[in-house]
Structure formats: structure tokens, C-alpha cells
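Read the structure below first, then the notes.
Where a number appears in this text, it was derived from the coordinates with a stated rule and is not lab data. Keep in mind it's a predicted model, so treat the numbers as computed, not measured. Cβ coordinates were reconstructed from backbone atoms using ideal geometry, including for glycine residues, and neighbour counts include every protein chain displayed.
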Amino acid sequence: MKSYSCIIVDDETLAQELIEAHLKKIPNVEVVAKCHTAMEALAVLNQQAVDIMFLDIEMPDLTGIDFLKALEKPPYTIFTTAYSEYALVGYELNVVDYLLKPVRFDRFFKAVSKALALLKEKAPAVVTPEGDEAKDDYLFVKSDYKAVKILYREILYVESMQKYVRFHLKDKKPVVSLMSISALMEFLPDSLFFRCQKSFIINLDKIGSIEGNQLVLFTGDKVPVSKNLKSELLKVVDRNGLI
């Protein structure tokens, strides 16, 4: 079942812990980072795709409002604050919801449900052929106001760009679509694809060699693999137990 990634941005540790405790009661959501400042959050967003951001407004150095305004493609955002006077600003910034501290679980659940509904609307449409056509499994994704068909066998690797993903294809131009890499991974078959790093999914059939912490494809492209995922990847590709 699909899992959605969340980031908590709040300079108060107790506030972070309360939100995290609420999230543990909701299935299919996971906290990928807890940040005390906007700059810490920016570093996370630059490294991986995030589906939902819980953002405090009153923080040192840069407020949550100014931080959100500065993001070109922010995650679905839920403001969390002790100050009700910011509510209007929140709606002007098109945030999913505005929660007052201390955040009650019933109100929290309602806000998260809104965000999840928006995320599900943007999930890729997937079609799985049957019979003799199964070897040509494919999916359709939205790109440039079109529904684009992508064959699994054409995918070299997929790269995350915050709220977007870029499909790098064999002998074709890349295709960019609005979705998170976490959501996409739920639709791709585990037998063909492996998430080798937070921002990359690799087609296992396209790996030519593994050199250090890089996967070198038959095309010459190089894709990073996380140190903590490399051993798991080796188990997947080493079918004969020779490595």
C-alpha cells in the first residue's frame, strides 16, 4: 500500500513530538525528517521528495510564511501555530489547513485527510497488461497536459525533483510528471525497479556494473546508490551468489 512522506518543521521539540505521535496513529504516512529551522527543512527538500509538510510559523531567522513563499514547488503544507491571526495569510498561500497549538488529534486527522485526498488525485494512472503482453508492462503519466505512455523496459532510471519526477528513457527525451518518487515506487514492480537512493529509482535490467557508490548503466549513465542500500541491492542482483 502506498506510503506518504511527511516533514515536521518546528523550533519546539515538544511540538514536533506531538505531531509525530499523531502521525503514528494514521496508516500509510511516515515522518522522514524533523527540522528546527527553515534552513534545515530546505536541505531536506533539496535532497528528497516530500508529500506533506507541517510548518510552524514563528521560527528563528526565517518565519514559516517567508519560507513557504520562497519555495518554488512546496509540498502540501499544513501550518501549525499558536497564533490565530495568521489564519488569513495561510489561506492566501493556499495551504491545505491551519492548525492551532496545542493540536487536537481530531482536528489533526481532518487536516491530514485533506492532504491525502489531494495526493491521491495526483497519483499516476497505471495499466497492467495480461497474457502475452505482460512483458510490455507500462504506465500512463501526466506530462505537459498530456497522458504519456511509458514502457517499463524503456525506463533507465527515475530522478526525483521535489514534487516532480523525471523519467530518463532509452533513446527518448526525458518525461517529467507531477508526483512524488515515493508514490511512483508503489506502482513499479519490485522485480524490475529498486529505489537505490532517496531521489533515484533504478531499472535493475539496465545496470552494467556497480562501482563504489555508483551504478553504471549500459548507456554510460551513472546513478548514485546509498551506502546503506548497496548491500540490499547486491542481494537483489546477485542471483547466483557470486559476489
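In the stretch 1-49, which GluC sites (Glu not before Pro) fall in coil by DSSP and have 15 or fewer other Cβ atoms within 10 Å?
Those that pass, being in a loop and sparsely packed, are Glu12.
When the chain is treated as a GNM, springs tying every alpha-carbon pair under 10 Å, which of Ala41, Ala15, Ala70 comes out with the largest mean-square fluctuation?
In the Gaussian network model the winner is Ala70.
What list of ³J(HN,Hα) values in whole Hz, one per residue of the stretch 106-114 in order, does the Karplus curve 6.51 cos²θ - 1.76 cosθ + 1.60 (θ = phi - 60°) give from phi, with Gly and Pro shown as x?
Taking θ as phi minus 60°, the curve returns 4, 6, 4, 4, 4, 5, 5, 4, 4 Hz for the stretch 106-114.
More than 25 angstrom separation, counting every C-alpha pair in the stretch 127-237; what % is that?
Above the 25 Å cut-off, the stretch 127-237 has 18 percent of its Cα pairs.
Using amide H atoms built in the peptide plane, which far-off residues or other-chain residues are under 5 Å from Cys35 H to H?
Excluding prolines and chain starts, which carry no amide H, the hits are Ile8, Val9, Asp10.
Could you size up the charge dipole of the chain around its Cα centre, putting +1 on the beta carbon of Lys and Arg and -1 on that of Asp and Glu, and report it in debye to the nearest 20?
540
Which is the longest part of the chain that has none of the chymotrypsin sites (Phe, Trp or Tyr not before Pro) sitting in a DSSP loop with at most 11 other Cβ atoms within 10 Å?
146-243
What ³J(HN,Hα) values, in whole Hz, does the Karplus curve 6.51 cos²θ - 1.76 cosθ + 1.60 give for the stretch 198-204 when θ = phi - 60°, with x put for Gly and Pro?
3, 10, 9, 10, 10, 7, 4
Going toward the positive end of the dipole of the chain, with +1 on Lys and Arg Cβ and -1 on Asp and Glu Cβ, which of Ile210, Ala82, Ser160 do you reach last?
After comparing all options, I get Ile210.
Given H placed on each backbone N at 1.01 Å, which residues far from Phe193 in sequence or on other chains put an amide H within less than 5 Å of it?
Leu204
Kindly work out what percent of the DSSP beta bridges joining two residues of the chain are antiparallel, to the nearest 5.
About 65 percent, rounded to the nearest 5.
Spelling out what I want: for every residue of the stretch 156-173, take phi, set θ = phi - 60°, compute 6.51 cos²θ - 1.76 cosθ + 1.60 (Karplus), and round to whole Hz; glycine and proline get x.
Going residue by residue, I get 7, 7, 10, 10, 7, 10, 6, 8, 10, 10, 10, 8, 8, 10, 6, 6, 9, 5 Hz, with x marking Gly and Pro.
List every residue whose amide H lies under 5 Å from the amide H of Tyr76, counting only residues 5 or more places away in sequence or on a different chain, with H placed 1.01 Å from N in the peptide plane.
Met53
Please grab the % of Cα pairs in the stretch 4-121 that end up more than 26 Å from each other.
Every Cα pair in the stretch 4-121 considered, those over 26 Å come to 8 percent.
Work out how far the C-alpha atoms of the chain reach from end to end along every principal axis, then list the three figures in whole Å, largest first.
Dimensions of the chain along the principal axes of its Cα atoms: 59, 38, 31 Å.
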